[in-house]
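Here the structure is laid out as structure tokens; the discussion comes afterwards.
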Amino acid sequence: MSLRDQKSFLSNIHPFELLKAGQMDRCIKHMDIAYYPKDKILITPEKIPNHFFVIIKGSVHEYNENDEVLMDYHQEDSFDANSLIYGKTENSFKVYEDLICYEIEKDIFLELMEKNEGFKDFFLNNLVNKFQTLKDKEYTSELSSFMIAKVSDTVLHPPCVVTPDTKLIDAIEKSMEYKTSTIIVKREDNEYGIITDSLLKVKVLLEGRDLTIPVSDIAIFPLLSVNEDDYLFDAFSILIKRNIKRVGVVNSQGEMTGILEQIDVLSHFANHTYVVDSKIKNAKTVENLKEASTELIDTIKTLHAKGVKVNHISNLIGQLNTKVYKKLYKIVVPKELQKDACFIVMGSEGRNEQIMKTDQDNALVVKDGIDVEQYRPYMQQMIDSLIDFGYPLCEGNIMVSNPFWCKTVQEYKSETARWIEAPDMQNYMDLAIFFDAFAVAGDKELLIGLKDDLFNKLHDKDVFMAYFAKATLTFDTPSTVANFMTKTHMIDIKKTGVFPIVQGIRSLALREKIRETTTVKRIKILEQKNVFENEMANELLEAFEVLNTLRLKAHLQKLQDNKPINNELDTHSLGKIERDLLKDSFKIVNDFKKFITYAFKIDKIS
């Protein structure tokens, strides 16, 4: 392999691309190619190497003292920095498939760490920094998506257009109807001018003009305009270059179709959620709302491509989903009925943790003394609309169209009493889902009262809480890489990793009477209450972030491949860093399961 090929190969492997030219040259100068046959033992606790290995072809397995496979290394993977840095290892490395690799001399490897901070930081990373590295590696420039965005892709304000002879007072009244401070004056041949608030102050108030003058007396011509099909980035350049706050938007015939405000363009470049938010806010019909809702997937893709944390994405998308529900409730339910009920979302939606539209979990709480039947046709209409928006039906029928999840306050109180006094698996699940409930529309005090009632009923119910918490242990979590890098290589990341954290934290939150519904915030509150130490809190937050990031990435890949979205993760598609993160996250989950077993004395119940 030539010197150029060696540089090209190493530059594609993180963190070697961080090396400066001279450092890369020195690395290559002290690097040899080696071959090792299958079953050759490279490293043991008694045999510390003098080289750092980078695989060109073949594979190596890392084993613990119990001969369990902890990690497998393939092409472009590297190992074992720890044994070189610390001069010791507890594990063994054995060739699994005939190996061709680069060997970098130990002294040179340690020298590169000393002279290059980025290179050094990678090998000394904790889970938080590893995850940041993962995001940096997977980063997709947000500029690329915006470079191809068109003007029509962002928020456009309806233009308030008047003729040149319109009286100024009449034009102002019309602008108030349009809820805008901008008046557009249209001459013949589609020539447009503009009147703004600042122009009114200067040309009318300060000069003492009468409001009956024609708008043509003060309008500024021509109004700078862009085409609907122009690139948004070009429109942005015009706004910046001319130092103006808005431009007109015209169609191919030169007719004014909207006003593009600088603040909207800036918001679009900063965060696409602003665009969706505006469309939800301005929706007047179910069809308008559907259009806004369908853009949520693009928003998720954009935010993920920017490297935004999954926690922040779920928070933003959760807020937008809440606004969709709230607006739909307002459109569908008659005004006189809205105040006597509370529309709630539950489960992952209630926790603000459902990023993709995977299913619905919702319900309605109606004031005592109010006829529930009058709400049912509107609730069915809401469900039908949500399905049309792309929110799939809940397989367990946990939806407001189901009479079980549409009833009065007293009926819910009776239900929660039954869940607690006659517990079974279904009742545990219903209670868990209901405990995560979050009010999105109507009278929120109805849900607050039900949560108070639930907390009171659970006082001194230690045995019940133990069984409730036991659900944390329902699914096995892999303890080694060998458990998930199998021939089938498909694991359900929700069952193996996400659910144990969610259910364990939910159990602790229920016991501690914590009203917060999101898992991340529950963890922080539990830490403040000294339920567990800061180290465990940080580890849980890190693991939860990693697991949900890998889950989201898998969802987006399935979406791209036009496959049904589920929680299965193809472990063979993971890179070295991702496998490391997954392994560390599963270890944290297994440790947390032990903590939950101890905290609720689960081993004392059958």
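The values are calculated or read from the model by the stated rules, or taken from the named source; none is laboratory data. This structure is a prediction, so every number in the text was calculated from the model and none was measured. As a convention, Cβ positions derive from the backbone with ideal geometry for all residues, glycine included, and neighbour counts pool all protein chains shown. We work out accessible area using only protein heavy atoms, side chains counted, and drop any ligands, DNA or RNA first. Shrake-Rupley method; radii C 1.70, N 1.55, O 1.52, S 1.80 Å.
Take each of the peptides 547-558, 491-502, average the number of other beta-carbon atoms within 10 Å over its residues, and list them starting from the highest. Working shown, then result.
On the way: 547-558: 19.8, 491-502: 21.8.
Packing proxy ranking, top to bottom: 491-502, 547-558.
For K461, give me every one of the lysines with a C-alpha distance below 18 angstrom, ignoring sequence neighbours fewer than eight places off in its own chain.
K413, K451, K470, K513, K601, K604
Suppose every K and R has +1 on its Cβ and every D and E has -1 on its Cβ; what is the size of the dipole of the range 313-403 about the Cα centre, in Debye to the nearest 20? Could the numbers behind the result be given before it?
Working: 10 positive and 12 negative charges, 89 e Å.
That gives a dipole near 420 debye.
To the nearest 10 degrees, how steeply does helix 499-511 sit against the main Cα axis of the chain, on a 0 to 90 scale?
Result, in degrees: 70.
So which GluC sites (Glu not before Pro) in the range 381-450 are both in a DSSP loop and have at most 16 other Cβ atoms within 10 Å of their Cβ?
On the way: sites: E395, E411, E415, E421, E445; in loops: E395.
Sites meeting the loop and neighbour criteria: E395.
Note the angle between two axes, namely the Cα long axis of helix 445-457 and the longest principal axis of the Cα atoms of the chain, as a number of degrees from 0 to 90, rounded to the nearest 10.
Taking the Cα atoms of the chain, the angle to 445-457 is about 30 degrees.
Could you check how many percent of all C-alpha pairs in the range 75-114 are farther apart than 12 Å?
Values: 522 of 780 pairs.
Pairs farther apart than 12 Å: 67 percent.
On the accessible surface of the range 348-466, probed at 1.4 Å, how many percent belong to carbon and sulfur atoms? Don't jump to the answer; show the numbers that get you there.
Working: 2550 of 4930 Å².
Within the range 348-466, the accessible surface is 52 percent carbon and sulfur.
Distance between Cα centroids, the range 567-606 to the range 152-200: provide it in whole Å.
About 60 Å separates the Cα centre of the range 567-606 from the one of the range 152-200.
Could you give the Stokes-Einstein D for the range 486-606 in µm² per second, using the C-alpha Kirkwood radius, 10 °C, 1.306 mPa s? List each step's numbers first, then the result.
Details: Rh = 15.5 Å.
It comes out at roughly 103 µm²/s.
Report the local net charge at L42: Lys and Arg +1, Asp and Glu -1, summed over other residues whose C-beta lies under 9 Å from its C-beta. Spell out each step's value before the answer.
On the way: positive: K40, K47, K94; negative: D80.
Within the 9 Å Cβ shell, the charges total +2.
Per-residue accessible area for L581 at 1.4 Å probe radius, Å² rounded to 10?
L581 exposes around 0 Å² with every protein chain in place.
Please give the solvent-accessible surface of I602 in Å², to the nearest 10, using a probe radius of 1.4 Å with every protein chain present.
The accessible area comes out at roughly 10 Å².
Would you tell me the accessible area of R242, worked out with a 1.4 angstrom probe on the heavy atoms of the protein chains, in Å² to the nearest 10?
140 Å²
Can you give the charge dipole size of the range 481-606 about its Cα centre, rounded to the nearest 20 debye, using +1 on the beta carbon of Lys and Arg and -1 on the beta carbon of Asp and Glu?
Numbers: 23 positive and 17 negative charges, 96 e Å.
About 460 debye.
Over the alpha-carbon set of the range 174-271, divide Rg by the Kirkwood Rh and report the Rg/Rh ratio to two decimals.
Numbers: Rg = 14.5 Å, Rh = 14.6 Å.
We get a ratio of 0.99 for the range 174-271.
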